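Visitor: My questions all concern the structure below.
The values are calculated or read from the model by the stated rules, or taken from the named source; none is laboratory data. Keep in mind the model is a prediction, meaning the values are calculated, not measured. Using ideal geometry, Cβ is built from the backbone for each residue, glycine included, and neighbour counts are taken over all protein chains shown. Ligands, DNA and RNA are excluded from the accessible area calculation, which covers all protein heavy atoms including side chains. Shrake-Rupley method; radii C 1.70, N 1.55, O 1.52, S 1.80 Å.
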Amino acid sequence: MINVFLGDITELHGTPYAAQAIVNAANERLVAGSGVCGAIFRAAGLRHLQQACHSVAPCPTGSARITPAFDLASQCVEAIIHAVGPRFSDASSDAADRLLADAYRASISCLRSAGLTSIAYPSISTGVFGFPLERAAAVSVRTLREVDGPDLAVTLVAFNEQTKLAWEEALAAQ
Ligand code: AR6
């Protein structure tokens with residue numbers, strides 16, 4: 001099942017969309033950054049999360065790593081899955097699509113390996129990494145539909161109305 005929710009991925013507790021694992025739109029070195037990455041590091045506790053990330057880094061583009069959720073455990077988050085999407089460029093847009101799909105797929109593999117069944121995603125690569133919103137929404141929905149199953153609850157967390165609309169349109173179109 002795939003749902004769309006408008007809000008902050010670090011504040012899902014108490015909503016119907018609370019997930020066991022939340023996904024961080026990470027960088028290959030798994031160091032704290034801006035955007036959703038900054039919000040997740042702040043909410044989980046910078047020092048502990050950075051230490052845990054060091055022990056599983058690097059994380060090549062298109063792959064994912066899992067760490068504990070530290071302070072976010074108080075919000076019933078059991079794990080953080082750090083997925084690295086591609087930077088977008090027109091010259092390599094097909095490769096970027098593939099790498100973005102890989103990042104979504106790798107996150108589900110991490111989730112399943114940890115024995116977890118619910119996951120919340122931000123719109124990977126559509127901030128600092130410049131991926132066009134509608135294109136990223138189509139790739140993410142297509143990929144998640146491929147790996148979705150009756151055991152899985154997926155929430156796409158939109159930080160703004162534009163992202164929510166892009167995901168809703170992709171879900172309706174595919
Ligand atoms: N909850 C949900 N979504 C959010 C939140 C939040 N609290 N904050 C931002 N977003 P970005 P990227 C949305 O830039 O493009 C970092 O420095 C945001 O509106 O966070 O994959 C990393 O360390 C956008 O739709 O990630 C990397 O170096 C989406 O999250 C690099 O940026 C992704 O935007 C990754 O860039």
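Visitor: Nearest 5 is fine: what % of DSSP beta bridges in the chain come out antiparallel, could you say?
Guide: Approximately 25 percent, going by the DSSP bridge assignments.
Visitor: Between the range 48-122 and the range 138-174, how many Å separate their Cα centres?
Guide: So the two Cα centres are separated by 16 Å.
Visitor: Let me ask another. Arrange the peptides 148-156, 86-94, 57-65 so that the one whose residues have, on average, the most other Cβ atoms within 10 Å appears first.
Guide: For the peptides 148-156, 86-94, 57-65, the packing ranking is 57-65, 148-156, 86-94.
Visitor: Roll a 1.4 Å probe over the protein chains and send me the accessible area per residue for the chain in Å².
Guide: 45
Visitor: Would you work out what percent of the accessible area of the range 45-139, with all protein chains in place, is carbon or sulfur (probe 1.4 Å)?
Guide: Roughly 55 percent, rounded to a whole number.
Visitor: Calculate for the chain the 222 nm mean residue ellipticity that helices alone would give, adding -39,500 (n - 2.57) per DSSP H run of length 4 or more and normalising by residue count, nearest 500 deg cm²/dmol.
Guide: -13000 deg cm²/dmol
Visitor: List, largest first, the extents of the alpha carbons of the chain along their principal axes, each in whole Å.
Guide: Over the chain, Cα extents along the principal axes are 39, 35, 29 Å.
Visitor: Over the range 112-170, what portion of Cα pair distances is larger than 12 Å, expressed as a whole percent?
Guide: Result: 68 percent of Cα pairs exceed 12 Å.
Visitor: Using the Cα gyration tensor of the range 1-93, with a ≥ b ≥ c the square roots of its eigenvalues, what is the shape: rounded (a/c below 1.5), prolate (a/b larger than b/c) or oblate (neither)?
Guide: Taking the square roots of the gyration eigenvalues as a ≥ b ≥ c, the range 1-93 is oblate.
Visitor: Show me, bin by bin at 5 Å from 0, the whole-percent P(r) of the range 52-116 based on Cα pairs.
Guide: P(r) for the range 52-116, in whole percents per bin: 4, 19, 22, 21, 16, 9, 6, 3, 0.
Visitor: Select from 26, 93, 139 the residue farthest towards the positive end of the dipole of the chain; place +1 on Cβ of Lys and Arg, -1 on Cβ of Asp and Glu, and compute about the Cα centre.
Guide: Comparing the listed Cα positions along the dipole, 26 ranks first.
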